[in-house]
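Step one of this worksheet: look at the structure below.
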Amino acid sequence: MPELPDLEVFRQYFDATGLHQRIQQVEVREPRLLEEITTDRFRTAVTGHQFEETRRHGKYLFGILENETAVIFHFGMTGFLQYYQDPEMEPDHVRVLFTFESGYNLAYDNMRMLGKVGYTNDPESYIRNQDLGPDVFNLEYDEFEQLLGKKRGMLKSAFMDQNTMAGLGNIYTDELLFHAGFHPKMQVTDLTKDQIHLLFDTMREVLRTAIDEKVNPERFPPGYLLGHREEGEECPKCGRGRIQKIKVSSRSTYFCPAHQGEGMKDEG
DNA sequence: AGTACCACCTGACGGC
DNA sequence: TGCCGTCAGGTGGTAC
C-alpha cells in the first residue's frame, strides 16, 4: 500500500505506539533488507535506545532515537508496521522486530521484501543522498509550479518521479489526475498556469482526504477512484464513462476517458 | 531528459 | 488438484 498517505498513517501509528520505550532487543530476520549495514552493527546501534519522534519524507519514515540517529524505514509495495504484545498477533512476514522493555513488539512486516531498513546519523543528509525531491505534502505552491516547470514528458511520469517531488505513487497519481480531470499521458509542458493551480489544490485535497480517512477506501467520499480500479466499471465521478486501463511508463493506469480528456489531441 | 525494459521478491488469481 | 502465466500501490540500473 505504501504511498504518502499510507506512510503518514504509519507515522501516526508509530507515534501512538513505539515512542519513549527502551528497545530491549532487535531481531533482524531478513538481513537482505538492511541497507548498507550489517545485522550486528544495526542491532548494536539500536539496542538500549528509544525512539523519541518520527519524521516522514515522501515514502520514507524515520524513527529518530534519543541520540539523534535514526532508523530508516522504506516499505516497498507490501510493507507495514504492527505493534502487539501477544506473539499470536505477529503478522506473517516480519522482517525486522523491535522488542521493548514493556514486552510489546514493533514489527516491520514486508512480504515481498522490496523495501529496506537502514540506519543513519542524519536523516536530512540521507534524504539528500537519495536525491529525493521535496515532500509533496510540505510543498508551497510556488515551489510546486517551479518544479513542474522544469519537467517534460507525461503528467503521470512527472508526478511519480520521486526525484522531482516525493510521495505520490501509482495509486495517488491516478487519483489526482482523475479528480483534476487530466489525461495521464498529457504533456507537462502543455499545462497552463491555471491547470497547475488546479493540480496543486487537487493534490492537497486528495492527500488530505486519504490521510483523514486512514487510507481506508470504504471511508472515502463518493466519487473516488480508489476502490473502483476495475476496467469497464462505471466512472464513480462523472457516471458517463467507463474506467479504462492502460499502461503509462509501464505502470497500470486507470482513468475515465469521459472526463479525463483534458490535454489530449485525440480521444480515448 | 524521457522512456522502455529488466531485475529484485513473494503470493494470489484465473485459465487450462 | 496442479502447473503456468500474469499481475501487484516501489525503486534502481541500463540502453536507446
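FYI, it's all coordinate maths here, none of it is from the lab. Since we're looking at a predicted model, the values are computed, not measured. All Cβ positions, even for glycine, are placed from backbone atoms using ideal geometry, and neighbour counts span all protein chains on display.
Annotations for the structure displayed:
- Length released on extending from residue A:246 to residue A:101, taking residue separation times 0.36 nm less the Cα-Cα span: 47.2 nm
- Cα→Cβ-extended label distance, 7 Å offset, between residue A:122 and residue A:142, nm: 2.7 nm
- Nitroxide proxy distance, nm - points 7 Å out along Cα→Cβ at residue A:44 and residue A:216: 4.5 nm
- Computed extension gain for residue A:264 through residue A:208, at 0.36 nm per residue and net of the alpha carbon distance, reaches 17.3 nm.
- Assigned charges on the beta-carbon of Lys, Arg, Asp, Glu; chain A dipole about Cα centre (debye): 820 debye
- Between residue A:19 and residue A:77, full extension at 0.36 nm per residue minus the direct alpha carbon distance yields a gain of 18.4 nm.
- The charge dipole of segment A:153-268, taken about its Cα centre with unit charges on the Cβ of Lys, Arg, Asp and Glu (plus for the first two, minus for the last two), comes to roughly 180 debye.
- Normalised by the number of residues in chain A, the average gap of Cα pairs under 8 Å and 6 or more apart makes the relative contact order 16 percent.
- The Cβ shell under 10 Å around residue A:133 holds other residues with a net charge of -4, Lys and Arg each +1, Asp and Glu each -1.
- Placing a label point 7 Å from the Cα of residue A:152 along the Cα-to-Cβ line, the residues of segment A:167-191 whose backbone N sits under 16 Å from it are A:186-191.
- Phi-derived couplings, Karplus 6.51 cos²θ - 1.76 cosθ + 1.60 at θ = phi - 60°, listed residue by residue for segment A:17-24: 10, x, 8, 6, 10, 5, 8, 8 Hz, with x used for Gly and Pro.
- For residue A:96, the residues whose amide H sits under 5 Å from its own are A:29, A:108, ignoring neighbours fewer than 5 places away on the same chain, with H placed 1.01 Å from N.
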